[in-house]
Amino acid sequence: MSPPLPDSVPAIRLKGVSFRWPGHPPAVEDVTLEVRQGESLAIIGPNGGGKSTLLRLILGELTPDSGSVEVLGMSPSEARRARRIGYLPQRSAADRTFPVTVRQTVEMAALVGEPPWRRPSAAIRTRVDLALARVNLEDLADRSVAELSGGQFQRTLLARALAVDPPILILDEPTSALDPGAQEQLGEVLARLQSLDGLTLVIVSHDIRAMAAPRSGSEAGRALCDRVACLRRTLHFHDAPEGITPQVLAHVFEHDLSQVFGDVRVLARPTHHRE
Amino acid sequence: MQTLDYLFGPYATMQPAAAAALAVALLCGILSPLVVLRRMAFVGQGISHAAFGGVGVAAVLGLFAAGAGTGALLGAWGVVAVFCIAAGLSIGMLSRRQGIPEDTAIGVLLVASMALGFLLLQMQRGRAGSTSVSVEGFLFGQVATIGPLEAWLAWVVLAVALAALWWIRRPLLFWAFDEPMAESLGIQGGRIRAALMVILAVTVVVTMQLAGVILATAMIVLPGAAALQVARRTSTVLLASLAFGVAGVVVGLVMSFETDWQPGPNIALAYVALFGLARIWNALRR
């Protein structure tokens, strides 16, 4: 593990980032964004609004046409290689018919780069156990992935992303394929990762309610995400003191969403600083 | 029982064939679940048919001629192996770099290699004084021509393939399970794929002596397919696949020895029967 960085280094910093797929209008344009360490940010926006493109720029899978992306002071690909970013894709390519257990799945990531002749060290086994515990899957560790529910499988993949101990976790539509119960469980897990383990979370979602509504349960009253950014090619709203108003949402989604989200007090609370 | 005579009688001629068959069964048993899970059955088919092109070239070079020495025979299998490895790597390259769908790339290579092999064999047959190579033998397997050399080759390939698979087992499992995520964490997917193609290619080379070009796929696909019907854990799937692999070869060879019919179809049908039983067992278990 590399030594901890000073808190002043932002987890993620984008400056004037634009990206255009050849032959298309710009997917994202002049996006400037800073995510502090330990903060949680939701990026919402309509389909085709550039959310996934923005994530891929942060992950280093795409290079911006102009502007710069930094992750913990490094280039995104450096950060990825240094295991500073855990990533949960929207649709995992993982094959659920594969004859592996939950624990094996998590171990796969923890064992990357280990020489073939060495048995998993105690440190690695502890890291795997911890990752399983963080997503509430200790009891299912020896179950084969084919027997899991969708939510359990999603949490298995989350544990795999956590197995390399990344300080930043990036999730692409983590709840979109889950039923409400599983969404709630995943939300609990994510909220705890942020508040207890101090992970920086960036969550792309079109589910404003799940990201920004005050939660019930252990973290009562707190929203999952500290801040919400709306993306439709440009970052339409960010850090405005008045929070996300129905007008902002209507602008982003091109619909009046106050009917849909009227009961949600969406919110950008002032960013809290960690001591 | 002719089987016992062939294996242990005073004129026991089939010992090398049986020894080679055991090695091939173990090799296919280990590899097969991966081939099934990675949806590489048709890739195996493509590689095995590419072997026929190699057979044609080796025949024209006179390497399969009766009376040719061990060196020539080794050379012949070398040519076939080169064809198979080249086919395996080209399938990967065409589909990944040139954007041709994988099944199309296989279709093209398969047909090209079969046609080339067949024409070359006819050319060689047309030559005065040359001994003819049995086309049917290469297509459907020929135990009679499996000598000590082929048996040794099969065991060497098994040992090397096992060592290689053990060496790459962790990245291989991750890559097979979730390629994009494995690559994003630094696993070289291209290298793993290439290594797997080479292992698959040499497996095909030793398998085709027994089962022939056309039916080699049965040995590469069916043990794993049957194992995945009855087992759910990595270790039990591998053990079941090894067991199915050996069982299919034993049943097929015994049927072949008793009837004096070619081993390839007997082995293939034995595997299909085992797969059917595994499937039924899986259906009844629910």
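Coordinate-derived values only; no laboratory data. Model, not experiment: these values are computed from the prediction. Cβ sites come from the backbone with ideal geometry, for glycine too, and all protein chains shown count toward neighbours.
Here the calculated FRET efficiency for B:L61 and A:N136, from their Cβ-Cβ distance with R0 = 60 Å, stands at 0.40, rounded to the nearest 0.05. Farthest toward the positive end of the dipole of the protein assembly as shown, out of A:W21, B:V251, A:A163, is the Cα of B:V251, where the dipole comes from beta carbon charges about the Cα centre. Modelled this way, with points 7 Å down the Cα-to-C-beta line, the labels at A:R91 and A:S176 are 0.9 nm from one another.
Hey, what did chain B get for relative contact order, percent, Cα under 8 Å, at least 6 apart?
On the way: 446 pairs, mean separation 85.7, N = 286.
Rounded, it is 30 percent for chain B.
Distance between the pseudo-spin-label points of B:R97 and A:S66 (7 Å out from Cα toward the beta carbon): 3.6 nm. When a/c reaches 1.5 or more, the comparison of a/b and b/c decides; with that in mind, is chain B rounded, prolate or oblate per its Cα gyration tensor? In terms of gyration-tensor shape, oblate. Springs join every pair of Cα atoms under 10 Å in this Gaussian network model of chain B, and among B:F118, B:F83, B:F177 the largest mean-square fluctuation is at B:F177.
Placing unit charges on the Cβ atoms of the charged side chains and taking the dipole of the protein assembly as shown about its Cα centre, the candidate lying farthest along the positive direction among B:L172, A:C230, A:G67 is B:L172.
Charge dipole (Cα centre; +1 on Lys/Arg Cβ, -1 on Asp/Glu Cβ; no other charges) of the protein assembly as shown amounts to roughly 540 debye. Simple point charges give the picture: +1 on the Cβ of Lys and Arg, -1 on the Cβ of Asp and Glu, and for the stretch A:96-165 a dipole about the Cα centre of about 120 debye. About its Cα centre, the stretch A:45-172 has a charge dipole of approximately 140 debye under the convention of +1 per Lys or Arg Cβ and -1 per Asp or Glu Cβ, with nothing else charged.
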